[in-house]
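The values are calculated or read from the model by the stated rules, or taken from the named source; none is laboratory data. Keep in mind the model is a prediction, meaning the values are calculated, not measured. Positions of Cβ are generated from backbone atoms using ideal geometry, with glycine treated the same way; all protein chains shown enter the neighbour counts.
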Amino acid sequence: MNNFKLHSISVTDYSGEGEPLIFLHAFPLCNRMWDAQVEHFKDKYRVITYDARGLGYSNELVNYLFTMEDHVNDLFSIIEHMKLDKVHACGLSMGGYILMRSVLKDPSKFKSMILAGTKAENDNNAALISRSESIIKVRSGGKEKFLEEFLRKLISEDSFHNKEIRNFVHMILNWADENGICSNQLAIATRTNSYYLLKEIMIPVLVVVGREDILTPVINSFNMKEEIKNSEFKVIEKAGHLCNIDRPIEFNEAVEGFLRKVKL
């Protein structure tokens, strides 16, 4: 395993021998949310995770004003620095926003894409107001309150009542600092609508969503899948927004089955 910093971005390369598989995490977590996937895939693929700018160990920034395009450029920098060719990549929620835009910007860098609990549309007015209110709350000393409320939206009912899972998600949520939370809220809020561009995606895509996901409902994911030509769709039962944490076995099986077909 090799940990390194690239322009303030903290990257972990698990140095497997297979094809490269990059995981992009959700807001406002860090690469630790992929622990169960790393353990499952690291002997089959060259697994790479990283902390998105402003979050996790990528929180030593000179400038906390950035956009979704900066996130895209960070991913490209990692791919180019590591001299990777045709990567598989999996993004959940914000990670999916970044990944989708990256594939649309330069599809030649990617072999396949897994989009989990994410959407192509930009925020509507209600979502923009909610993000604005959360920034005010966090900046006014309410970070812990915001994260407590957000935790409830991230995991399924079963997971919320599972002390081990709830404590794990609570732990990685609380590593986020005020600057990282607020700057990423702004980056997400200012992203543009990619929905009308989905038809341009030609690489194989797996769209995954938890049945109990209240942040990206099943119908949104299904509609996105319908716009992407070479795509598959999987609903994970008894899973919420963080379907990879709620139901890691089912999530891993879905991703592994998809990647196996892509490699044929």
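Can you tell me which residues in the stretch 38-54 are in contact with a Ser or Thr (Cβ under 9 Å, 6 or more places away or on another chain), crowded, with 20+ Cβ neighbours inside 10 Å and assigned to a loop (DSSP other than H, G, I, E, B)? Answer for the stretch 38-54, where residues must be in contact with a Ser or Thr (Cβ under 9 Å, 6 or more places away or on another chain), crowded, with 20+ Cβ neighbours inside 10 Å and assigned to a loop (DSSP other than H, G, I, E, B): Asp51, Ala52, Arg53, Gly54. When each of Leu154, Leu173, Leu147, Leu92 is tested for being in contact with a strand residue (DSSP E or B) (Cβ under 9 Å, 6 or more places away or on another chain), surrounded by 16 or more Cβ atoms within 10 Å (Cβ to Cβ) and hydrophobic (A, V, I, L, M, F, W, C), the lone residue that passes is Leu92.
Residue-level check: of (1) assigned to a loop (DSSP other than H, G, I, E, B); (2) out of contact with any Ser or Thr (no Cβ under 7 Å at 6 or more places or on another chain); (3) in contact (Cβ under 8 Å) with a residue 12 or more places away in the chain, Lys83 misses just (3). The combined condition, being at pLDDT 95 or above and in contact with an Asp or Glu (Cβ under 8 Å, 6 or more places away or on another chain), is not fulfilled by Ile78.
Total residues in the stretch 176-203 satisfying the condition of being crowded, with 17+ Cβ neighbours inside 10 Å, hydroxyl-bearing (Ser, Thr, Tyr) and either touching a His at 6+ places or on another chain (Cβ under 9 Å) or in a helix (DSSP H, G or I) (or both): the figure is 1.
If you go through the stretch 154-173 and keep only what is within 19 Å of Ser93 (Cα to Cα), outside any helix (DSSP H, G or I) and of a type outside the set (Gly, Ala, Ser), you end up with just Ile155. Of all positions in the stretch 218-228, none carries a residue that is surrounded by fewer than 16 Cβ atoms within 10 Å (Cβ to Cβ) and among the basic types (Lys, Arg).
Scanning the stretch 6-37 for residues that are crowded, with 19+ Cβ neighbours inside 10 Å and of a type in the set (A, V, I, L, M, F, W, C) yields Ile9, Val11, Leu21, Ile22, Phe23, Leu24, Ala26, Phe27, Leu29, Cys30, Met33, Trp34.
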